[in-house]
1. I need the Kirkwood Rh of segment 72-144: take the reciprocal of the average 1/r across all distinct C-alpha pairs and report it in angstrom.
2. Could you compute the longest span of the chain free of chymotrypsin sites (Phe, Trp or Tyr not before Pro) located in DSSP loops and having at most 11 other Cβ atoms within 10 Å, not counting the site residues?
3. Charges at C-beta only: +1 for Lys and Arg, -1 for Asp and Glu. How large is the resulting dipole of segment 72-144 about its Cα centre, in Debye rounded to 20?
4. Classify segment 148-188 as rounded, prolate or oblate from the Cα gyration tensor: take a ≥ b ≥ c as the square roots of its eigenvalues, call it rounded if a/c is under 1.5, otherwise prolate when a/b beats b/c and oblate if not.
5. Given a Förster distance of 30 angstrom, what is the FRET efficiency for Arg69 paired with Leu203, based on the Cβ-Cβ distance and rounded to 0.05?
6. Just how many pairs of Lys in the chain have C-alpha atoms closer than 16 Å, counting pairs that are eight or more places apart or on different chains?
7. Tell me whether segment 26-170 comes out rounded, prolate or oblate; compute the Cα gyration tensor, take square roots of the eigenvalues as a ≥ b ≥ c, and use a/c under 1.5 as the rounded threshold.
8. Calculated from DSSP H runs of 4 or more alone, at -39500 (n - 2.57) each and per residue, what is the 222 nm mean residue ellipticity of the chain, nearest 500?
Amino acid sequence: MIRLTSVTYRYRRGPVVLQNFTAEFPPGITVILGPNGSGKTTLLKITAGILKPQSGTVEVMGRPPDELRGKIAYIPQTGGLYPWMTVRENIALPLKLQRRSNPEREVESVAESLGISHLLDRYPKEISGGEQQKTLIARALASGAEVWLLDEPLSMIDIDYRREIIQLLKKAGRSMVVITHNVQDAVDLGGYIYIVKGPPLQLVATAAPGQYTDAERLAETAREAFKS
C-alpha cells in the first residue's frame with residue numbers, strides 16, 4: 001500500500017501543487033486520471049522520493065520511499081533511457097548496480113519475455129516509442145522492483161502498441177500507480193481509478209476495479225466530478 005498524509009508541495013516561485021493532500025493507493029494497479037497540469041507528475045515524483053514535500057508524510061509498503069532504493073521503479077513519460085547506452089545496457093543497469101552475479105542472462109531472459117531480443121544492441125534513438133516503453137518495462141522487471149510508478153506510459157504510443165503495453169503491465173504482477181489523462185487507457189488498465197483535478201491536486205472521485213468498462217461512462221463521471 002502507498003499512503004500520503006497531509007502532503008504539501010510547492011515549487012520555488014510557483015503555485016502550490018499539493019496542499020494537505022491525503023490518499024491511499026491499494027496493492028494492484030491504481031490509475032490516476034486527470035487533466036494535464038493538475039499535479040499528477042509531482043505526486044508521482046513525491047511518491048518515488050525524487051521530490052521531498054514541504055510537509056506531510058509518504059509511506060510505500062509502510063516505509064519512507066528513500067528507504068526503499070531498488071524497490072521502487074519510476075518510469076517517466078520521456079527521457080527514461082540513457083541515449084548513450086544500448087537497450088541491453090539500459091536494461092542491465094539496475095542489475096549491475098545491485099551487483100547481480102549473471103546480469104547478461106537476466107537481461108536476455110527479460111528481453112525474450114517481452115519480445116525485444118532483436119533490439120538489444122540498438123540505441124534508444126533507433127527504436128520506436130512503443131519499443132522504448134517495452135525497454136523501460138524490461139528494466140523495471142529486471143530490477144526486481146516491487147512498486148512501479150508510471151508517468152503517462154501510453155501517451156506517445158500508437159493504438160496497437162497501447163494494447164500490447166497495457167497487457168504487459170497487467171501481466172507484470174506488480175503494484176503500480178499509472179497516471180494518465182486518457183479515459184480509454186484508464187478503463188483498459190482495469191485497476192482502481194482515482195479521478196483528480198488541480199492545482200492544487202484534489203481527489204474528486206474513485207472507482208473500484210471493473211466498475212467502469214465503458215470509457216464514455218467514465219468520462220461523464222469525470223466531467224461531473226470536475227464540476228464539484
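1. Details: mean 1/r = 0.0839 Å⁻¹.
Hydrodynamic radius (Kirkwood, Cα only) of segment 72-144 equals 11.9 Å.
2. Working: sites that count: Tyr11, Trp84.
Result, exposed sites excluded: 85-228.
3. Values: 9 positive and 8 negative charges, 45 e Å.
The calculation lands at about 220 debye.
4. On the way: a/c = 1.71, a/b = 1.22, b/c = 1.40.
Cα axes put segment 148-188 in the oblate bin.
5. On the way: r = 28 Å, r/R0 = 0.93.
Once the sixth-power term is evaluated, E becomes 0.60.
6. On the way: Lys40/Lys52; Lys40/Lys197; Lys45/Lys71; Lys71/Lys96; Lys125/Lys134; Lys134/Lys170; Lys134/Lys171; Lys197/Lys227.
Counting lysine pairs in the chain gives 8.
7. Details: a/c = 1.91, a/b = 1.31, b/c = 1.46.
Because a/c hits 1.5 or more and a/b fails to exceed b/c, segment 26-170 counts as oblate.
8. Details: 7 runs with 80 residues, N = 228.
One gets -10500 deg cm²/dmol as the mean residue ellipticity at 222 nm.
Values quoted throughout were computed directly from the atomic coordinates according to the rules given, and no laboratory measurement underlies them. Quantities reported herein were computed from a predicted structural model and do not represent experimental measurements. Don't worry about glycine lacking a Cβ; one is built from the backbone with ideal geometry, like all the others, and counts go over all protein chains shown.
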